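Bear in mind that the values in this text are calculations on the coordinates, not laboratory data. On a predicted model such as this, the values are computed, not experimentally measured, just so you know. FYI the Cβ positions are ideal-geometry reconstructions off the backbone, even for glycines, and counts take in every protein chain you see.
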Amino acid sequence: MSNATEATEAPKFETLMDELETIVARLERGELSLEDSLTAFERGVGASQAAGKLLDAAEARVDVLVRAESTETIPFHED
């Protein structure tokens, strides 16, 4: 893979979680200026949203796999 391709790939879930942990630690220390805190918070929100999208996609993949593996038929009953 070329460096250009790597730069355009979406971050991995683990990378996003590491970034979030770092941001939270910096914010909790209280050593950042207000402007730097806001910038860090904005990055954290973006990383959180990206991680959420990756989790949603993973959940959808698992759901498809579970449904594909299910060979049990469930009878339809009207009550």
Would you mind computing the Rg to Rh ratio of region 10-68 from its alpha-carbon coordinates, Kirkwood style for Rh? 1.18
Label GLU35 and LEU65 with points 7 Å out from Cα along Cα→Cβ: what is the distance between them in nm? 4.7
With r as the distance between the Cβ atoms of GLU9 and ASP56 and R0 = 22 Å, compute the FRET efficiency 1/(1 + (r/R0)^6) and round to 0.05. 0.75
Given a cut-off of under 8 Å on Cα pairs at least six residues apart, what relative contact order in percent is computed for region 10-68? 44
